Amino acid sequence: MSDTAKKFYLTTPIYYVNARPHIGHAYTTITADVIARRQRLLLGKENVWFLTGTDEHGQKVQRSAEAAGITPQQFTDEVSAQFRGLWQRMGITYDDYIRTTEPRHTRGVQKLFADLYERGHIYLDTYTGQYSVGEEMFVDGPPGTIGPDGKPTETVTEENFYFRLSAFQSQIIDLIESGEFCVEPEARRNEVLSFLRGDLNSGAETKLSAKGNPYVSGALKDLSISRSSFDWGIPVPEPAASTTQKKHVIYVWLDALANYMTAVGYGSDKPEDIAQLQKFWPADLHLVGKEIIRFHCVYWPAFLLAAGVPLPKKVQAHGWLLFEESKMSKSRGNIVRTETILDAFGSLKPKPIDAPGPELNDDVWKREQDLFASDVLRYFLLREIPFGQDGSFSFDALVQRYNSDLANGYGNLVSRTLSMIEKNLEGTHPALRLPETTTLSEAAQKLEASATTLVASIADDFSATRLTRVLTNVAAFITEVDGFFSLSAPWKLAKSEDFTAREDLRAVLATTAEAIRIITALLYPILPYSTAKVWEQLGLGDIEAAAKNGTLSNLTWGGLEPGTKLGPLGPIFPRADKGLIQIMTDTEQNGTTPKPEETAVATEQPTAAVEAAPAPAPATEEVTETTPTIAIDDFVKIDLRVARILIAERIPKADKLLRLEVDLGYEKRQILSGIAQWYAPEDLIGRRIIIVANLAPRKMRGLESHGMLLAASHGEDGKPILATFAEGDEIELGSRLK
Ligand code: ME8
């Protein structure tokens, strides 16, 4: 197996399928995605391999499937697809997704087990002990001991296969001490080392390793690596299997850890798999949460040493996302689902009413919304939680951070710079020169120096996964560029006829635009969607092409070609209303993301509109405080018309929806509306109502809804009261409301 420097193989943990994904999982996966994108810039796409997947065996999964009344395979298929679907929704660029129920994995795990057995590292023995089902491990202590998952252990007596873990104690200590097997951060390294050494002050016999590192002999016990009390796992292969009466499955952690190798071809004899394994193994980085450090830094290297396989180069452990003060986890019931955030932030990018042509269909637009919202979450998690430390999550902080750094910071800088170039310089980038005015010239030179320092320091920060530092340094640079912009006051320069002022205007805008180019290139791995939009607006085309051809990794000041035309401009980071916090909180409390049709007439409905809105807007009280004023031009875009309800009926299996056919005088329409809880269909027929006639059609439950009814939202439960006309009002159907 090769050890070339010019490749990078990184992994996330493979996630258990006994719980649905939450933002704790997203945190690791996002971090890995950022590292993968950055590495691709440096090494080229073909030399980077990013693996994620799902861990599908074990008693916990078997029990969850039983509780759900389905087979373990059905259960794992379902949940694994949820993880995968979420990563796709978020634009995660994994190269491979491994499932431990795949044949390629089974084959590799059985080979590993057979090799270990053949090399004499596995023996059969009987053991009675306390087993934590939640964590899939034996723990020390009397019956009823509380396991690491916070639940009482179970007494388990089993004849098991054992792995001679104890034989590798001193060797692993040496590998970690020498840095050959790197464990980061420091605190985790110390934790692993002290576990491996045993308590040197306990009075027990101390030995010295080959490299002179002290350890308590016997502190590391052999490890049971098979189970016979359940069968949802990979069977122990021959010849070991025939040495025992019972059927054994391989311990889920041996099974799971091996994914890192089986996914790149271990256990296969196909030439392409062998080549893949040679190219990418050993892994360069296993990214994990801190609670599984022992499995990755003690068991895993021991299995590999025993099998004669090179060790991964580094294991890096991050801290936990806390919610309401404790670790976010399914068993504690305090999780936040990523979908909640994607839906809420996605709603900040409503599909334009006058969206052009079929290329901007609902699916395409939904994709844009998801990727945008995913950027927001990426930014927040990486900006707020220094890698390695625990960090609290709150919706409040998410909205605040978004508004301060993205809407007001980066987004505002981009929009004010580019719109000035558009207005004053015919949308064409001027040549980069120093301004004539001394103070401005000095400030511009300082900015260039800061940019150069930033580019250099960020390379190190990225490679050490100091992503919070990357973002704080970029944010500080954005503030500096903003300061330069304000000091130069280009809007005043633009009004002057003076020659120097005109020249300075060009120099200032060129300097700011160049700074934006650098910022955007640096942020690309973290904000792939938004930076692509800024790149287009800068007139630089496709950022992915720039990533491939090296433009994003060779950042020298002055790279923006003068004469480049700006792309079409538009808002990148619309400001988020505080109401979004409530929406996300409510969504989590209700336990599920409301399906579009269920959000209709939700209590949070902001206005009088009643339709199947994908993401409800803030509560009415909130809205009166925060709804922005609009110009008459905005209002006239909304085509409000008088219509009469011809048909109203319930839709099977949709409790909240009614199907209406309305007459607009000039045409008849079908509209689906979430008012079924409040209005009996028969009471609606014949009513004259107001509809938003130019709302883009959308499909719900396979039916197209073309328009939206207006209603006032009444009382705490948001009961809709349809806007209508008095009995005697003479009004033609189809009349426009203005
Ligand atoms: O442990 N904060 O799977 P798992 C931060 N299948 N990260 C979190 C988190 C939180 N609150 N909750 C989960 C397993 N994670 C095994 C791994 S690998 C060979 C087998 C992330 O579904 C974090 O990366 O319990 C953590 O290590 C991982 O999800 C655990 O996922």
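Just a few scattered comments:
- Pair L360, T71: separation of 7 Å Cα→Cβ label points (nm): 4.8
- Isotropic mean projected area of the C-alpha convex hull, region 632-737 (nm²): 7.5
- Spatially, region 303-329 and region 720-737 are offset by 64 Å when compared through their Cα centroids.
- Rg and Dmax of region 407-590, based on Cα coordinates, read 17.3, 63 Å.
- Paramagnetic label zone (point 7 Å from Cα along Cα-to-C-beta, T157; backbone N under 20 Å) in region 203-225: 224-225
- 3J(HN,Hα) couplings calculated from phi for region 557-567 with the Karplus curve 6.51 cos²θ - 1.76 cosθ + 1.60 (θ = phi - 60°) are, in sequence order, 4, x, x, 7, 5, x, x, 5, 7, 5, x Hz; Gly and Pro show x.
- Neighbour-limited loop hits for GluC sites (Glu not before Pro), region 704-738 (at most 11 other Cβ within 10 Å; DSSP other than H, G, I, E, B): E716, E727, E730, E732
- Taking every lysine pair in region 632-737 that is 8 or more places apart or spans two chains, those with Cα atoms closer than 26 Å amount to 10.
- Within region 652-687, backbone nitrogen closer than 20 Å to the virtual label 7 Å beyond the Cα of L733 toward Cβ: 658-673, 681-687
- The relative contact order of region 632-737, computed from alpha carbon pairs under 8 Å that lie at least 6 residues apart in sequence, is 30 percent.
- Between helix 362-384 and the chain: long-axis angle, C-alpha atoms, 0 to 90°, nearest 10: 60
- 5 angstrom amide H check on D55, placed H, neighbours 5+ away: Y15, Y16, V17
- Net charge, G212 excluded, C-beta distance under 11 Å - Lys, Arg +1, Asp, Glu -1: 0
- Nearest 10 degrees, 0 to 90: helix 467-488 Cα axis against the chain principal axis: 30
- Acute angle (nearest 10 degrees) that the helix 169-178 long axis makes with the longest principal axis of the chain, alpha-carbon atoms: 50
- Note that region 52-68 has calculated 3J(HN,Hα) couplings of 9, x, 10, 9, 10, 9, x, 5, 4, 5, 4, 5, 4, 5, 4, 4, 7 Hz, one per residue in order, obtained from phi through the Karplus relation 6.51 cos²θ - 1.76 cosθ + 1.60 (θ = phi - 60°); glycine and proline are x.
- Close Lys-Lys pairs in region 8-323, where close means Cα under 15 Å and separation is 8 or more or interchain: 6
- Around L43: net Lys/Arg minus Asp/Glu count, Cβ-Cβ under 11 Å: +3
- Cα gyration tensor category, rounded, prolate or oblate, for the chain with a/c compared to 1.5: oblate
- Surface/4 estimate of mean projected area, convex hull on alpha-carbon atoms of region 339-428, nm²: 8.1
- The Cα center of region 391-431 and the Cα center of region 278-294 differ in position by 36 Å.
- In this simple spin-label model, placing a label point 7 Å from the Cα along the Cα-to-Cβ direction at both A680 and K207 gives a separation of 8.5 nm.
- 3J(HN,Hα) along region 679-691, derived from phi through the Karplus expression 6.51 cos²θ - 1.76 cosθ + 1.60 where θ = phi - 60°, amounts to 10, 6, x, 5, 6, 8, 4, x, 5, 9, 10, 10, 10 Hz, with x in place of Gly and Pro.
- GluC sites (Glu not before Pro) restricted to region 470-517 and DSSP loop, no more than 15 other C-beta within 10 Å: E497
Readers should treat all values here as calculations from the given coordinates under stated rules, not as data from a laboratory. It should be emphasised that the depicted structure is a prediction, and the values quoted were computed from it without experimental measurement. Quick reminder, even Gly has a Cβ in these numbers, built from the backbone with ideal geometry, and neighbours come from all protein chains shown.
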